[in-house]
Each structure stands twice: as C-alpha cells, then as structure tokens.
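The values are calculated or read from the model by the stated rules, or taken from the named source; none is laboratory data. Keep in mind it's a predicted model, so treat the numbers as computed, not measured. Here the Cβ positions follow ideal geometry from the backbone for every residue, glycine too, while neighbour counts run over all protein chains shown. Protein only, heavy atoms only, side chains kept; ligands, DNA and RNA dropped before computing areas. Shrake-Rupley method; radii C 1.70, N 1.55, O 1.52, S 1.80 Å.
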Amino acid sequence: QVRLAESGGALVQGGGSLRVSCVASGPTFSAVNMGWFRQAPGKEREFVAAISWRGSIPYYADSVKGRFTISRDNARKTVYLQMDSLRPEDTAVYYCASEPLYREFRPREFRPQEFDAWGQGTQVTVSS
C-alpha cells in the first residue's frame, strides 16, 4: 500500500489562499486515483476533490467548486490542493487518500470507504 503524507496546512484569513500538498511513497502513484477529504470536529469526513490517474481529470464537491483546484505531479509523486477564496467553514483537517491501483475513475461524490490509503492530515484553519 502507498504511504501518504500531507503538508502545508496553516491559519489563513477568510478570503485568502493556501496550497496543501500530499507526497506519496512507492512506485505506483502514477496509476492511482487520488482524493482530498476534510473533517471538522464532530463532523463526518467529507469529500473535497479527486483526480484521476489517467488524464488527470478533476472532480470537485459543490462546496468547493470554483474555489479549489486539485492537481498532481506524477514525477514528484505529489498531489496538490490549491484553495482560494477560503471561508471559515473550510476549517478542517485535510486528508489525502488513494484508491486501489488502476481503478476506473468515475466522477461522483466519492466516499471515504472507497479509498484504501490515507495520510495523517494537515490542519487548515480559516479565520473570519
């Protein structure tokens, strides 16, 4: 299984921007769909964005659509989440996750149960 590590979380003022990163270990990163999820205290882990291994096709949750951008760099085994126009309700621990190797990318509201490897998360706090 791939090992994932997020970084880049910080305290940001509302309306500001932040980019979080996720670095993967192992040789199979280029053939796995990647996703970003977030979880606030007392809340369920919710889907944020995903990107396919084949063609780097992105998909976003409605709550972040138009504000966040997911991308990947297979050479660096890294997936990014660029967050713009941040709002206090974006405050959460952000996790990256990977699906099983070679899984077909089917854009939808991804469920955490569909991902089999997770990072430890990085805290993003947006002040009002």
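The table that follows gives values for the structure above.
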{"quantity": "Number of positions in segment 110-128 that are within 13 Å of the chain's Cα centre (by Cα), open to solvent by 30 Å² or more (accessible area, probe 1.4 Å) and either under 19 Å from SER63 (Cα atoms) or not polar (S, T, N, Q) (or both)", "calculated": "4"}
{"quantity": "Hits in segment 1-49 - residues which are open to solvent by 30 Å² or more (accessible area, probe 1.4 Å), within 23 Å of ASN74 (Cβ to Cβ) and of a type in the set (Ser, Thr, Tyr)", "calculated": "SER7, SER25, THR28, SER30"}
{"quantity": "Test: residue in segment 48-66 that is in contact with a strand residue (DSSP E or B) (Cβ under 6 Å, 6 or more places away or on another chain), among the aromatic types (Phe, Trp, Tyr) and in contact (Cβ under 8 Å) with a residue 24 or more places away in the chain", "calculated": "yes"}
{"quantity": "Subset of segment 57-94 (residues that are small (Gly, Ala, Ser), within 16 Å of SER21 (Cβ to Cβ) and open to solvent by 50 Å² or more (accessible area, probe 1.4 Å))", "calculated": "ALA75"}
{"quantity": "Residue identified as over 22 Å from SER30 (Cβ atoms) and under 13 Å from the mean Cα position of the chain (by Cα) among VAL93, VAL79", "calculated": "VAL93"}
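Each row is one residue, and each column tells you yes or no for (1) over 19 Å from ILE51 (Cβ atoms); (2) touching a residue at least 60 places away in the same chain (Cβ under 8 Å).
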| site | (1), (2) |
| --- | --- |
| ALA75 | no, no |
| THR78 | no, no |
| ASP84 | no, yes |
| ALA97 | no, yes |
| TYR102 | no, yes |
| ARG111 | no, yes |
| ALA117 | no, yes |
| GLN123 | yes, yes |
| SER128 | yes, yes |
